[in-house]
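Notes follow the structure.
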Ligand code: ZN
């Protein structure tokens, strides 16, 4: 495992747009602020969600849509480069009215009700995602 020391720059904080696609909005904000490497966190609520689970045997994502309002208990992710552009990779935990939590890999199709995000840029060269044979995923360099 190769770890890289990074410096943290000034963070960006802000409200996320009602009705926007959560993943697309985070990606758009990274592009707008020139963030190619960093971390992201957010809390808030969504009108509906779409999350993925990576089926390790089949080597493909299985997605589920949750067609009801949910709280964002936690969204954590990172920003790096894939195919030459900033890519947000985020996982999300969502709670329903009874406080039951489910979560997974954040996918497009998760629509914001309200959100507050922190984008934390890192200095240095961003990791560039590449195909990883053992997992079938597009991962950071080993
Ligand atoms: Zn993931």
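Annotations
- Along each principal axis, taking the top coordinate minus the bottom one, the Cα set of region 12-142 gives 41, 38, 19 Å in descending order.
- Cα centroid separation, region 1-72 to region 99-118 (Å): 8
- The simple Förster model, with R0 at 35 Å and r as the Cβ-Cβ distance, assigns residue 7 and residue 135 a FRET efficiency of 0.75.
- Spin-label pair residue 64/residue 45, simplified geometry with 7 Å Cα→Cβ offset, distance in nm: 2.2
- Entry note, the chain: the mean residue ellipticity at 222 nm calculated from DSSP H runs of n ≥ 4, each adding -39500 (n - 2.57), is -2500 deg cm²/dmol after division by the residues and rounding to the nearest 500.
- Additional length obtainable on full extension of the chain from residue 96 to residue 76, 0.36 nm per residue less Cα span: 5.3 nm
No lab work stands behind these numbers, since they all come straight from the coordinates. Computed from a predicted model, the values in this text were never measured in an experiment. Glycine also receives a Cβ, built like all others from the backbone with ideal geometry; neighbour counts cover every protein chain displayed.
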